[in-house]
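Colleague: Sharing a structure here in structure tokens format.
The values are calculated or read from the model by the stated rules, or taken from the named source; none is laboratory data. Given the structure is predicted, the values throughout are model-derived calculations rather than measurements. We place every Cβ from the backbone using ideal geometry, glycine too, and count neighbours over all the protein chains shown.
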Amino acid sequence: MDHSTKNKSAYKKKVAVVGGGLVGALNACFFAKRGFEVAVFESREDIRSAKTVKGRSINLALSHRGRRALNHVGMEEKVVSKGIPMHGRMIHSLNGKRSSIPYGKKGQYILSVGRANLNKDLLTAAEAYPNTELHFKYKLLDWSPETGIMTFLGPDGTEKEIQADLIVGCDGAFSATRKQFLRCSRFDYSQTYIPHGYLELTMPPKNGDFAMEPNFLHIWPRNTFMMIALPNLDKTFTCTLFMPFEDFEKLTTEDKMMNFFQKFFPDLIPLIGVDALKRDLFRLPAQAMVSVKCSPYHLMDKCVLMGDAAHAVVPFFGQGMNAGFEDCLVFDEIMDKFDEDIDAVLPEYTRIRAPDDHAIADLAMYNYVEMRAHVNSKYFLFRKYLDRVLHFFMPKTIIPLYTMVTFTRTRYHEAVIHWQWQNKVITRGLFLFGSVSTAGSIYLLIKYFPKNFSGIVEHLWNQASALNWFQK
Ligand code: FAD
Ligand code: EGU
């Protein structure tokens, strides 16, 4: 077959990427690299020229899956150079004690990257392709599955109709692209808000340097509350407080907030500073977190959903963006396999990817439930320690779940299967260990204390007989 006539012909399909967030901007690079005519439509203004950038989480943890996808469009090095390596977690106990637990071997670290900076760099990379156009202040209102015509609210406040061969919905957890899917028969959809909200606080530098050890993901586990801090290039930390809305609602005044901090995060008060703390705590209301699952991800041969639009996950595995970036890579791999035949690619994409995205959504939710139920510093340290010890003795058999998720491209659903299997092995191992030590103890008793032992047996026998007699 002659490649130049089938796929690299003069006419390339028009791809509309809806949403110029992290996944949309990266996806534009993927489609542009293949030679499609790409147009990105983003509802906000261009963040590269915007004065204030508002939005969710200031920084994020980038790991292996996200990096592999960035690598594919030649962006890994650039992004990594602006990231801060985090080689482990730093656990802050209530009494102020700090303990660090590495993520793995020396090369196994995750990166703290700034969301705004990453998004800007990806938009610039997408724009550098001659076959890509970026449109800002274009808000998708609706689209037609019959014709592929999209209706946007344009920058001048009027509606604009634009046609594309393929619509790629990367417009986030509240996706407008997804609305058309909801009207289809046999489209599964579920969404759940968790009871927790989050609030971001900035920890300024101290004497011109990071106020805490920079190369860690800092965690203050307090059962129902939790604080997480990631470093930024400007030597600040972004601290995120996760707490039930119910509790946020009780902390209505500065005094109540300060008492709360004094009780649960006393070490953070001098690090953030009383004034900054009071300012940040009431600047924005606590933000909600939603988990969204749906299937299929495609609608005929017209549209496909990726990133949060397809699967918003709660942030308790640090995988939302990584999974969204991996979506782009998996789609690209399937494009290779089916020679860019969109008709075949879309159903295959749903078939391959939905089980994995559903698995990471479940894992993130599981971790949220576990963290909130009983994770204090001691428990967290113990669990991570146990994982490491078992992995050390059986490196091929027992692999911590976070290792498979964070440092490999093991399919998420396979990571779940392996994890459940090894949990069984561990429980059986512990049971076997228990049985063997009990049997061993009895054996030693009989061997070295036969007289005492027969006495014990006789005593037990008599007791049992007596019990039996009373029950008659
Ligand atoms: P978004 O980033 O939401 O982008 C969607 C874009 O579409 C936006 O630019 C929006 O303006 C635009 N848009 C929306 N509607 C329309 C419309 N109608 N028309 C046109 N454009 C539209 N992930 C990690 O991997 N690691 C982490 O450490 C991590 N930490 C997190 C911490 C918190 C507190 C939260 C809330 C999330 C975290 N995530 C993390 C998840 C991560 O933020 C998301 O998974 C990621 O942003 C998804 O990217 P996206 O491009 O799919 O969606
Ligand atoms: C939450 C909010 C520690 C950024 C899960 C670990 C997260 C991140 C963990 C946020 C935790 C929790 C893992 C990584 C990462 C841990 C992980 C969570 C980044 C199991 C900016 N989580 N996160 N697990 O192991 O695999 O360190 O907002 F506290 S990175 Cl909840 Cl690896």
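Colleague: Are any residues in segment 276-306 within 13 Å of Val345 (Cβ to Cβ), among the charged types (D, E, K, R) and part of a strand (DSSP E or B), and if so, which ones?
Modeller: none
Colleague: Grab the strands (runs of 3 or more DSSP E) fully contained in segment 118-171, keeping just those with 2 or more residues being over 18 Å from Ala28 (Cβ atoms).
Modeller: Values: elements: 132-136, 139-143, 149-153, 159-163, 166-169.
The strands (runs of 3 or more DSSP E) meeting that bar are 139-143, 149-153, 159-163.
Colleague: Taking Thr397 as meeting all but one of (1) farther than 22 Å from His64 by Cβ; (2) surrounded by fewer than 14 Cβ atoms within 10 Å (Cβ to Cβ); (3) more than 16 Å from ligand 2 (Cβ to nearest atom), write down the number of the exception.
Modeller: Failing condition for Thr397: (1).
Colleague: Tell me, which residue of segment 82-102 that is closer than 16 Å to Leu230 by Cβ and part of a loop (DSSP other than H, G, I, E, B) is nearest to ligand 1 (Cβ to nearest atom)?
Modeller: Gly83
Colleague: Does segment 241-260 contain any residue that is within 23 Å of the chain's Cα centre (by Cα), aromatic (Phe, Trp, Tyr), in a loop (DSSP other than H, G, I, E, B) and closer than 18 Å to Ala361 by Cβ? First the steps, then the outcome.
Modeller: First, the residues of segment 241-260 that are within 23 Å of the chain's Cα centre (by Cα): 241-245.
Adding the requirement that they be aromatic (Phe, Trp, Tyr) leaves 242, 245.
In the following step, the residues that additionally are in a loop (DSSP other than H, G, I, E, B) were identified as none.
Scanning segment 241-260, I find no residue that is within 23 Å of the chain's Cα centre (by Cα), aromatic (Phe, Trp, Tyr), in a loop (DSSP other than H, G, I, E, B) and closer than 18 Å to Ala361 by Cβ, so the answer is no.
Colleague: If you check Met371, Met365, which single one turns out to be in contact with a strand residue (DSSP E or B) (Cβ under 9 Å, 6 or more places away or on another chain), closer than 30 Å to Asn95 by Cα and modelled with pLDDT of 95 or more?
Modeller: On the way: Met371 fails: modelled with pLDDT of 95 or more.
Just one listed residue meets the conditions, Met365.
Colleague: So, Arg411, is that one within 15 Å of the chain's Cα centre (by Cα) and either within 11 Å of ligand 2 (Cβ to nearest atom) or not β-branched (Val, Ile, Thr) (or both) or not? Give the derivation first.
Modeller: On the way: within 15 Å of the chain's Cα centre (by Cα): yes; either within 11 Å of ligand 2 (Cβ to nearest atom) or not β-branched (Val, Ile, Thr) (or both): yes.
For Arg411, the condition - within 15 Å of the chain's Cα centre (by Cα) and either within 11 Å of ligand 2 (Cβ to nearest atom) or not β-branched (Val, Ile, Thr) (or both) - is met.
Colleague: Could you please let me know if Thr52 is part of a loop (DSSP other than H, G, I, E, B), out of contact with any helix residue (DSSP H, G or I) (no Cβ under 8 Å at 6 or more places or on another chain) and surrounded by fewer than 15 Cβ atoms within 10 Å (Cβ to Cβ)? Spell out the reasoning first.
Modeller: Numbers: part of a loop (DSSP other than H, G, I, E, B): yes; out of contact with any helix residue (DSSP H, G or I) (no Cβ under 8 Å at 6 or more places or on another chain): yes; surrounded by fewer than 15 Cβ atoms within 10 Å (Cβ to Cβ): yes.
Criteria met by Thr52.
Colleague: Could you go through segment 216-234 and let me know if any residue there is touching a strand residue (DSSP E or B) at 6+ places or on another chain (Cβ under 8 Å), more than 16 Å from ligand 1 (Cβ to nearest atom) and of a type in the set (Ser, Thr, Tyr).
Modeller: Yes, segment 216-234 has at least one match.
Colleague: Looking at segment 1-43 only, could you name the residues that are in a helix (DSSP H, G or I) and modelled with pLDDT of 95 or more?
Modeller: Of the residues in segment 1-43, the ones in a helix (DSSP H, G or I) are 3-6, 22-33.
Hits for segment 1-43 are Leu22, Val23, Gly24, Ala25, Leu26, Asn27, Ala28, Cys29, Phe30, Phe31, Ala32, Lys33.
Colleague: Go through (1) touching a residue at least 60 places away in the same chain (Cβ under 8 Å); (2) more than 9 Å from ligand 2 (Cβ to nearest atom); (3) assigned to a strand (DSSP E or B) one by one and return the number of the condition Met226 breaks.
Modeller: (2)
Colleague: Just a yes or no: is a residue in segment 187-199 of a type outside the set (A, V, I, L, M), in a loop (DSSP other than H, G, I, E, B) and more than 16 Å from ligand 2 (Cβ to nearest atom)? Steps first, answer last, please.
Modeller: Restricting attention to segment 187-199, the residues satisfying the condition of being of a type outside the set (A, V, I, L, M) are 187-193, 195-198.
Those still in the list that are in a loop (DSSP other than H, G, I, E, B) too: 187.
After this cut, where a residue has to be more than 16 Å from ligand 2 (Cβ to nearest atom) as well, the list is 187.
Yes, there is a match, as at least one residue in segment 187-199 is of a type outside the set (A, V, I, L, M), in a loop (DSSP other than H, G, I, E, B) and more than 16 Å from ligand 2 (Cβ to nearest atom).
Colleague: Are any residues in segment 263-285 surrounded by fewer than 13 Cβ atoms within 10 Å (Cβ to Cβ) and either closer than 20 Å to Ile228 by Cβ or among the small types (Gly, Ala, Ser) (or both), and if so, which ones? Full working, then the answer.
Modeller: Step one: of segment 263-285, the residues surrounded by fewer than 13 Cβ atoms within 10 Å (Cβ to Cβ) are 263, 266, 270, 274-275, 283-285.
If the condition is that a residue be surrounded by fewer than 13 Cβ atoms within 10 Å (Cβ to Cβ) and either closer than 20 Å to Ile228 by Cβ or among the small types (Gly, Ala, Ser) (or both), then Lys263, Pro266, Pro270, Arg283, Leu284, Pro285 are the ones that fit.
Per-residue answers, yes or no, for (1) among the aliphatic types (A, V, I, L, M); (2) within 22 Å of Gly21 (Cα to Cα); (3) touching a helix residue (DSSP H, G or I) at 6+ places or on another chain (Cβ under 8 Å):
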| position | (1), (2), (3) |
| --- | --- |
| Asp156 | no, yes, no |
| Ala173 | yes, yes, yes |
| Leu182 | yes, no, no |
| Pro195 | no, no, yes |
| Lys206 | no, no, yes |
| Pro214 | no, no, no |
| Ile219 | yes, no, yes |
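Colleague: In segment 138-183, which residue that is surrounded by fewer than 12 Cβ atoms within 10 Å (Cβ to Cβ) and under 28 Å from His358 (Cα atoms) is farthest from ligand 2 (Cβ to nearest atom)?
Modeller: Arg183
Colleague: Let me ask something else. Could you tell me whether Thr132 is more than 16 Å from ligand 2 (Cβ to nearest atom), outside the structural domain of Phe225 (by TED's automatic domain parsing) and surrounded by fewer than 18 Cβ atoms within 10 Å (Cβ to Cβ)? Show your work before the answer.
Modeller: Details: more than 16 Å from ligand 2 (Cβ to nearest atom): yes; outside the structural domain of Phe225 (by TED's automatic domain parsing): yes; surrounded by fewer than 18 Cβ atoms within 10 Å (Cβ to Cβ): no.
Taking the combined requirement at face value, the residue does not satisfy it.
Colleague: Can you name every residue in segment 320-338 that is part of a helix (DSSP H, G or I) and free of Cβ contacts under 8 Å to residues at least 12 places away in the same chain?
Modeller: The first filter runs over segment 320-338 and keeps only residues part of a helix (DSSP H, G or I), leaving 320-337.
Listed by number, the residues that qualify are Glu333, Asp336, Lys337.
Colleague: Now, a different point. Which of the residues spanning segment 295-313 are more than 16 Å from ligand 2 (Cβ to nearest atom) and either within 16 Å of Ala364 (Cβ to Cβ) or of a type in the set (D, E, K, R) (or both)?
Modeller: Let us first name the residues in segment 295-313 that are more than 16 Å from ligand 2 (Cβ to nearest atom), namely 295-307, 309-311.
Answer for segment 295-313, where residues must be more than 16 Å from ligand 2 (Cβ to nearest atom) and either within 16 Å of Ala364 (Cβ to Cβ) or of a type in the set (D, E, K, R) (or both): Asp301, Lys302, Gly307, Ala310, His311.
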